[in-house]
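Q: First the structure, which I've put down as structure tokens, then a few questions once you've had a look.
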Amino acid sequence: MMKPANKLQTLLQTAAAASRAASKMRFAMTLVGNVVLMSSSATAQTAANLYKEADLPLGEKLLRDHRCAECHSRKVGGDGASIYRPKGRINTPGALRGMVETCNLELNLALFPDEVTSISAVLNRDHYRFK
């Protein structure tokens with residue numbers, strides 16, 4: 001019979017292994033999602049088409065509520081605005097939406113697809129200006 005301390009240690013080790021596996025799975029899903037989103041963006045979907053149903057006030061609220069600017073500021077310094085338009089990375093509306101989805105998945109924000117689109121539309125309006 002195992003001692004309670006050994007059972008607890010075994011349980012903690014199992015939980016840690018499961019957490020690492022879940023983290024790896026989440027990363028893999030993010031990569032796959034970005035590849036799919038960015039490849040779909042290769043079909044030259046226009047911003048007007050992608051963002052036509054976007055709720056801009058909702059996107060603005062979500063950006064504030066999730067403190068996106070604070071996180072970006074910690075990553076790049078200043079007001080965080082320099083994170084937008086990284087050379088060669090975000091060059092289509094679909095790639096922009098894919099990057100917002102990456103933040104959603106990596107940070108476990110639990111945003112719905114229409115919310116991701118709304119945030120992307122606000123970022124496009126304020127920083128990217130894709131047509």
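Q: Would you point out the residue of the range 106-119, among those that are surrounded by fewer than 20 Cβ atoms within 10 Å (Cβ to Cβ), part of a helix (DSSP H, G or I) and in contact (Cβ under 8 Å) with a residue 40 or more places away in the chain, that is farthest from the chain's Cα centre (by Cα)?
A: The extreme case among them is 114.
Q: Another question, if that's okay. Could you tell me whether residue 80 is in contact with a helix residue (DSSP H, G or I) (Cβ under 8 Å, 6 or more places away or on another chain), at pLDDT below 85 and either among the basic types (Lys, Arg) or within 16 Å of residue 128 (Cα to Cα) (or both)?
A: On the way: in contact with a helix residue (DSSP H, G or I) (Cβ under 8 Å, 6 or more places away or on another chain): yes; at pLDDT below 85: yes; either among the basic types (Lys, Arg) or within 16 Å of residue 128 (Cα to Cα) (or both): yes.
Yes, satisfied.
Q: Touching a His at 6+ places or on another chain (Cβ under 9 Å) and either free of Cβ contacts under 8 Å to residues at least 40 places away in the same chain or crowded, with 17+ Cβ neighbours inside 10 Å (or both): which single residue out of 68, 103 fits that description? Reasoning before the result, please.
A: On the way: 68 fails: touching a His at 6+ places or on another chain (Cβ under 9 Å).
Sole residue among the options that is touching a His at 6+ places or on another chain (Cβ under 9 Å) and either free of Cβ contacts under 8 Å to residues at least 40 places away in the same chain or crowded, with 17+ Cβ neighbours inside 10 Å (or both): 103.
Yes or no, residue by residue, for (1) under 12 Å from the mean Cα position of the chain (by Cα); (2) part of a helix (DSSP H, G or I); (3) at pLDDT 95 or above:
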{"residue": "44", "(1), (2), (3)": "no, no, no"}
{"residue": "60", "(1), (2), (3)": "no, yes, yes"}
{"residue": "70", "(1), (2), (3)": "no, yes, no"}
{"residue": "86", "(1), (2), (3)": "no, no, no"}
{"residue": "90", "(1), (2), (3)": "no, no, no"}
{"residue": "121", "(1), (2), (3)": "no, yes, yes"}
{"residue": "124", "(1), (2), (3)": "no, yes, no"}
{"residue": "127", "(1), (2), (3)": "no, yes, no"}
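The values are calculated or read from the model by the stated rules, or taken from the named source; none is laboratory data. From a predicted model like this one, the values you see are computed outputs, not experimental measurements. No Cβ is skipped: glycine too gets one built from the backbone with ideal geometry, and neighbour counts run over all protein chains shown.
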